[in-house]
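Enquirer: The structure that follows is given in the form of structure tokens.
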Amino acid sequence: MHQAIGNVLAFAVVVAVSPINIMAAILLLFSARPIAGASAYLVGFAAGVAAVLVALEILAAHLDLSDGSDPSRGAAVLRIVLGIALLAAAGRKVRARRSATGDAELPGWMSGISELAPPKAAATGLLIGALNPKNLAMAVAASLVIGAASLSGSQTATVIAVYVVVASLGVAAPLVVTLALGDRSEAVLAGWRSWLARNNDAVMAVVYLLFGVVLVGNGIASL
């Protein structure tokens, strides 16, 4: 189990540092009900991340991912494909970074997020946690690791819980800062928001490159 936890942590970190996930949490902290909205978003986000991984593990439970089996070789190929996709995404982020001029613009769907009531903030967190392509790709990679580890039900639940907690740290960080600093947090969060908007492409290019190489290497080693 400990080895499985160590292996999935890398994928959880990718989710945790994704600027889009964090930016939504920061914007909610500038709303009329900052604590309630950001808390609801955090709960929804964690639930979305957990739901996808649980669903994937239910699917993996019906496959034999032991070494040398056909599904195991298929899982290795899938790791390689995911790794190559991440490397390609890293290349696109580098090109976008080089061609960018002026301040980066937020995605259009984020324009009204600071006006969401807590229930809608929770629903937004659920959708982002579950359906953000980065989160989905990392959930698939993590599920392959968990499925190949031959864990008991309780051990699988523990690994999933650790993954969800670590993946949610980035979203939780702005809320923790607000609770700790009170009114003084506004300047800190405004700085984070500006930095993330400017450096989104650079951050994700590095993350995609590192974990793309890891996935390709692991996939080749498992063939």
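Enquirer: Using a Gaussian network for the chain with springs between C-alpha atoms less than 10 Å apart, which of these wobbles most: I146, I20, I58?
Expert: I58
Enquirer: On a 0 to 90° scale, report how tilted helix 2-16 is relative to the longest principal axis of the chain, with both axes built from alpha carbons and the result rounded to the nearest 10.
Expert: In the chain, helix 2-16 runs at an angle near 40 degrees to the longest axis.
Enquirer: Same structure again: For a test of the definition: using alpha carbon positions, the gyration tensor, and the 1.5 limit on a/c, classify the stretch 108-191 as rounded, prolate or oblate.
Expert: prolate
Enquirer: What spacing in nm lies between the two simple spin-label points modelled at A202 and S150, each 7 Å away from Cα in the Cβ direction?
Expert: 4.7
Enquirer: Can you put M1, M23 in order of Cβ neighbours within 10 angstrom, beginning with the fewest?
Expert: Taking fewest neighbouring Cβ atoms as first place, the list is M1, M23.
Enquirer: Nearest 10 degrees is fine. How inclined is helix 19-28 to the longest principal axis of the chain, computing both from alpha carbons?
Expert: Orientation of helix 19-28: about 40 degrees from the principal axis.
Enquirer: Here's another thing I want to ask about it. Please determine, in degrees from 0 to 90 and to the nearest 10, the orientation of helix 34-60 with respect to the longest principal axis defined by the Cα atoms of the chain, where the helix direction is its Cα long axis.
Expert: For helix 34-60, the angle is close to 10 degrees.
Enquirer: Could I ask something else about it? Listing S39, S143, S114 from the residue with the fewest other Cβ atoms within 10 Å to the one with the most, what is the order?
Expert: Least crowded to most crowded, the residues run S114, S39, S143.
Enquirer: Moving on to the next point. Spin-label point model (7 Å from Cα, Cβ direction): what's the R95 to V77 distance in nm?
Expert: Label at R95, label at V77, 2.7 nm between them.
Enquirer: What percent of all Cα-Cα pairs in the chain falls into each 10 Å bin, going from 0 up to the bin containing the maximum distance?
Expert: P(r) for the chain, in whole percents per bin: 8, 32, 33, 20, 7, 1.
Enquirer: Continuing with the same structure: Taking the dipole about the Cα centre of the chain, with the C-beta of Lys and Arg at +1 and of Asp and Glu at -1, give me whichever of V164, Y41, N21 is farthest to the positive side.
Expert: The listed residue farthest towards the positive side: N21.
Rule-based calculations on the coordinates, nothing more; no lab input. As the structure is a prediction and not an experimental result, all values here were calculated from the model. When we count neighbours, we look across all protein chains shown, and the Cβ atoms used for this are built from the backbone with ideal geometry, even at glycine.
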